[in-house]
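Participant: Before I ask anything, let me first share the structure, which is written out below as structure tokens.
Since every read-out is calculated from the coordinates, none of them should be taken as a lab result. This one's a predicted model, so the numbers in the text were calculated from it and none came from an experiment. Because the Cβ atoms are built from the backbone with ideal geometry, glycine has one as well, and the counts that use them run over all protein chains shown.
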Amino acid sequence: MRSAPSAAEKRHIVELSTRAPSIHNTQPWLWRSTSRGLELRADPSRQLLAADPLGRNLVISCGAALHHAVVAAAALGWRTEVERLPEGSESTLLARLTLRHGVPSETAAADLRAIEHRCTDRRRFTSWPVPDERLQHLAHEAELYGTRAVPLVDASSRFRAELLVAKAPDLQAADAAVTAEQRSWVDHSPVDGIPTAVLPAERPAMAGEHRSRYATGLMEEPDRELESSDGLILLYAPAEGPLTWLAAGEGLSALWLLATAQGFSIVPLSQVIEVEETRRALTEQVLAGMGTPLMLVRVGWQAISRSELQRTSRRPVSDVLERM
């Protein structure tokens, strides 16, 4: 029995990991093949310096790729041991993965399908509400990976969060550096960024609408950030730092893959976290000071009759995987 995967098998795991979500589809991860498995590093050259000066979203994105890699490895018959931040919080080395031969996970086929079909679908959800117990189940899945997650199901928390989600885009739109950076990642290249084909078309704003950060696209869909029927889950941690960011990314990926398998759509609402004013307000008004918010996601159902959404492109594995 082989003790470690071949180069081709590690390449396959990395290829599946690159299907993970990332802020603006920046794909800010670098993998390195080792004798024992793989190493995951953050790629600072892909950090959004205006919107994400601390690197929070960069590390969350890498955490999602880490979880995708672990799920993919298990589905392909490899047991994974993960050492997080092995060189400390100041290093770009985020995780060291040791891969040992095992048997494919019992949910292998379903997990691989979820990785393949997971996407960020910004088209409007249906008006069917998401039951509270479903939101609790998704939040619990995220918490299995070390982050904290709370569904916003009571009227007060929900109302406050909605107000802040509506306020954040206006505050961020006043920052020329942030808006320019954001625009630069729309149709950025054939292998990264967000294509206009998956963004809603521009239309006149209506009073009281929660608009998304993306002003224009090609989809003929209403461009609204949040509806009253959408479910909301807030990921948070007791303290800020690379380890909690990495855990939030892993939890986000776990939540998202489970939601995909159950027929839900997930859309991250990161602006409310990126803007310091609304982030502080989330901490005080929604979390009652219990922690620092890391990611807010909305959950809903897409209409069964809708066509499959075009997948955003990914960088070739040769760009993100370095050999020993």
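Participant: Amide H neighbours of residue 34 under 5 Å, counting only residues 5+ apart in sequence or on other chains, H built in-plane at 1.01 Å?
Facilitator: 39
Participant: Considering only the chain, what is the antiparallel percent among its DSSP beta bridges, to the nearest 5?
Facilitator: Expressed as a percentage, antiparallel bridges in the chain total about 90.
Participant: How far is helix 132-143 tilted off the main Cα axis of the chain, in degrees rounded to 10, range 0 to 90?
Facilitator: Tilt relative to the chain: about 40 degrees.
Participant: Another question, if that's okay. Springs between alpha-carbon atoms under 10 Å, Gaussian network over the chain: tell me which of 190, 268, 21 tops the mean-square fluctuations.
Facilitator: 190
Participant: If I model a spin label as a point 7 Å beyond the Cα along the Cα-Cβ vector, how far apart are those points for residue 127 and residue 103 in nm?
Facilitator: Label-label distance for residue 127 and residue 103, simple model: 5.0 nm.
Participant: Report, in degrees rounded to the nearest 10, the 0 to 90 angle that the Cα long axis of helix 242-261 makes with the longest principal axis of the chain.
Facilitator: Approximately 80 degrees, to the nearest 10.
Participant: Follow-up. Can you tell which of 51, 139, 173 shows the greatest fluctuation in a Gaussian network model of the chain with Cα springs below 10 Å?
Facilitator: Evaluated over the chain, the most mobile residue of the options is 173.
Participant: Same structure again: So, R0 is 51 Å and r is the distance between the beta-carbons of residue 34 and residue 170; what FRET efficiency does that work out to, to 0.05?
Facilitator: 0.65
Participant: Follow-up question, since we're still on this one. Given the options 185, 78, 128, which has the most mean-square fluctuation in a GNM of the chain, springs set between C-alpha atoms less than 10 angstrom apart?
Facilitator: Checking each option, the largest mean-square fluctuation is seen for 128.
Participant: What FRET efficiency comes out for residue 54 versus residue 87 if R0 is 25 angstrom and r is the Cβ-Cβ distance? Round to the nearest 0.05.
Facilitator: So, using R0 = 25 Å, E works out to roughly 0.85.
Participant: Let me ask something else. Give the whole-number value, in cubic angstrom per residue, of the convex hull volume spanned by the C-alpha atoms of the chain.
Facilitator: Expressed per residue, the convex hull around the Cα atoms of the chain is 127 Å³.
Participant: Divide by every residue of the chain the summed helix terms, -39500 (n - 2.57) for each DSSP H run of at least 4, and state the resulting mean residue ellipticity at 222 nm, rounded to the nearest 500 deg cm²/dmol.
Facilitator: One gets -11000 deg cm²/dmol as the mean residue ellipticity at 222 nm.
Participant: Pairs of Cα atoms under 8 Å, at least six residues apart: use those to get the relative contact order of the chain, whole percent.
Facilitator: Answer for the chain is 25 percent.
Participant: Moving to a separate point now. Please give the length that would be gained between residue 181 and residue 110 if that part of the chain were fully extended, namely 0.36 nm times their separation in residues minus their C-alpha to C-alpha distance (nm, one decimal).
Facilitator: Between residue 181 and residue 110, full extension yields an extra 21.9 nm.
Participant: Suppose every Lys and Arg Cβ carries +1 and every Asp and Glu Cβ carries -1, with no other charges. What dipole size does the chain come out with about its Cα centre, to the nearest 20 debye?
Facilitator: Computed about the Cα centre, the dipole is about 760 debye.
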